[in-house]
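Rule-based calculations on the coordinates, nothing more; no lab input. Fair warning: this is a prediction, and the values are worked out from it, not measured in the lab. Positions of Cβ are backbone-derived with ideal geometry, glycine not excepted, and every protein chain shown enters the neighbour counts.
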Amino acid sequence: MRVLVYSSFTFSYLNRARVLFQTLRRHHPEWELAALITDEPPPGFTFDPAREPFDRLVYAQDLGIPDFRAWLFKHDVVEVCTAVKGPFIHQACSGGYDAVIYLDPDTALFARLDPLVALLQEHDVLLTPHLVDPNTDDAAIRDNDLSASRTGIFNLGFVAIRTEGEGVRFARWWNDRLLSYCYDDIPNGLFVDQRWCDHVPALFDGVKVVRDPGYNVASWNLSQRSVAIDKAGAITVNGAPLRFWHFTKLGPTGDAMTRRYAGDNYPVYEIWNWYKRQVAEASDPAIPAGWWAYGRFSDGAAISKAHRTLYREREDLQAAFPDPYASGDGGYAAWFAAQGF
C-alpha cells in the first residue's frame, strides 16, 4: 500500500514537526512524508527543505485556494493550520496514493503503524476518540469528558483515509467544510475541524473508530491509561503497544495536566522528558518564539482576533479590501481604526 503522511504547521512548530518526521522515518522509511506549511520563513533563518526529515514541502498558498490572502486573513494561526488540512487531503486523493494519514506536528511515533494500514484494507476512514474508557472521577469528567463534548468527540490530531470509496467522499466533504467553517467558535457549534467530525459516523459508511489505547495517548486520556516500560524498553499502554503519543501544549499547561493525571505513573514523565529533549535538539534559535508571518499587517502592526472576525463576517469588507494585510491609507487596518472599535 502506498501511504502518504502529512502534517500542517508554521515555522514556530518546525522543531516539533522535525521530531514527528524523524520518528516516522525511523519506523516507516517506506512511506512518503509531506510538510504542509502556512507561513513564510522568518528573516535570518535559512530554510533548506532538502535537509529536513520529510520528502515534500507544500506551502498553503500553493493549494489553489481562491483569494488566498483574503481567505487566510479570516483565520487565526490555529484555525488556518487546521483549515488547510482539508484541501490537502482532498487533493492527495488523486495523487496515486492508496492511503493518506494526517498527524499533528506535536505527535511522535514509538512503533510501526501497520495495524492502521491493515484496518484500511477493510475500512475507508479511521478516527481516534479523545476518550475510549469512561472517567469516574469528577475532576476528570469536568476536565476531559466535558471538554470533549465542547471541542469534539474525536481528536483530529490523527485521521487516516483510504483514497477510494467513502474515503474520497469524506475528503471532499472535509475540504468543503474546512474551507468555509473552520473557526474556533464554540458558542456557535464550531471548534475548527473537530466538531465537524462528530458527524462522520452518521454521514459515511466504512468508518472505523480506533479504540486501541496505544494510539493518540495524551493528557486528556491519561486518567484512564496506564503506561509501562519493560526492561527491553518496550512501552505499553493498558497492555497494548504504544504507537503514537500526542504531546499537546508543550510547556507549563501540558506539564500541569500531565502531573494531574499521570500521578505516580513515572514512565509518563520519562516519555515527556525524552520528547522535550528531542524538541530542544530540533530547535533553531533563528526562528523567533511564536513566529507566524501572517500574524501582522504589512507595516508590522499585530492583527487582532477582532480584525479577523469582523472581516470574515462582512462580505462588503471582503470586497472593499481584497488584500486585508495591506497597510496605509485606504487599507483595512486604517478603516478598522477609524471605526473606533
Handout entry: Table column - 3J(HN,Hα) (Hz), segment 87-95, Karplus curve with 6.51, -1.76, 1.60, x for Gly and Pro
Key = x, 5, 5, 5, 5, 5, 4, 9, x
Practice task
Ratio to report: Rg/Rh of segment 296-338, with Cα atoms as the point set and Rh obtained by the Kirkwood method; give two decimals.
Solution key: 0.91
Exercise for the section: Give me Thr23, Thr253 ranked fewest to most by other Cβ atoms within 10 Å of their Cβ, as a rough exposure proxy. Expected result: Thr253, Thr23
Handout entry: Relative contact order (%) - the chain, alpha-carbon pairs under 8 angstrom, separation at least six
Key = 22
Handout entry: Where the Cα pairs of segment 238-296 fall when distances are cut into 5 Å bins, in %
Key = 4, 13, 21, 23, 16, 11, 7, 4, 2, 0
Fill in the blank from the handout: The size of the Cβ-based charge dipole (Lys, Arg +1; Asp, Glu -1) of segment 50-206 about the Cα centre, to the nearest 20 debye, is 460
Exercise for the section: Mind sorting Thr128, Thr46 by how few other Cβ atoms lie within 10 Å of their own Cβ, fewest first? Expected result: Thr46, Thr128
Problem - Over segment 159-311, volume per residue of the alpha carbon convex hull, in Å³ - result: 194
Exercise for the section: Compute the projected area of the convex hull of the Cα atoms of segment 168-249, averaged over all viewing directions, and report it in nm² to one decimal place. Expected result: 7.6
Exercise for the section: Treating the angle as unsigned and between 0 and 90°, give the value, to the nearest 10°, between the Cα long axis of helix 166-181 and the longest Cα principal axis of the chain. Expected result: 40
Practice task
Write down Rg/Rh for segment 111-167, rounded to two decimals, with Rg from the C-alpha atoms and Rh from the Kirkwood relation over Cα pairs.
Solution key: 1.11
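Using only the Cα atoms of segment 45-103, what semi-axes does the equivalent ellipsoid have when each is the square root of 5 times a gyration tensor eigenvalue? Give whole Å, largest first.
Ellipsoid semi-axes (Å, largest first): 21, 18, 11.
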Fill in the blank from the handout: Rounded to one decimal in nm, the spacing of the 7 Å Cα→Cβ label points at Ser298 and Gln91 is 2.5
Fill in the blank from the handout: Its Cα gyration tensor gives segment 100-205 an equivalent ellipsoid whose semi-axes in whole Å, largest first, are 24, 19, 13
Handout entry: Rg and Dmax of the chain, Cα atoms only, in Å
Key = 20.4, 67
Fill in the blank from the handout: With label points set 7 Å from each Cα along the Cα-to-Cβ direction at Lys249 and Phe47, the distance between them in nm comes to 2.8
Handout entry: Highest-first arrangement of 219-227, 282-290, 176-184, 129-137, where packing means the average Cβ count within 10 Å
Key = 219-227, 176-184, 129-137, 282-290
Practice task
Kindly state, to the nearest 0.05, the FRET efficiency for Ile186 paired with Arg2, given R0 = 22 Å and r defined as their beta-carbon distance.
Solution key: 0.05
Fill in the blank from the handout: Going from the fewest other Cβ atoms within 10 Å to the most, one would list Trp196, Trp173, Trp335 as Trp335, Trp173, Trp196
Exercise for the section: Starting from the amide H of Leu190, placed 1.01 Å from N in the peptide plane, find each other amide H under 5 Å away whose residue is 5 or more places distant or on another chain. Expected result: Asp185
Completion exercise
If unit charges are put on Cβ atoms (+1 for Lys and Arg, -1 for Asp and Glu) and the dipole of the chain is taken about its Cα centre, the option from Trp71, Ala262, Val125 lying farthest towards the positive end turns out to be Ala262
Problem - Straight-distance crosslink candidates among lysines, where the alpha carbon sits under 29 Å from Lys249 and sequence neighbours closer than 8 are dropped - result: Lys74, Lys85, Lys208, Lys276, Lys305
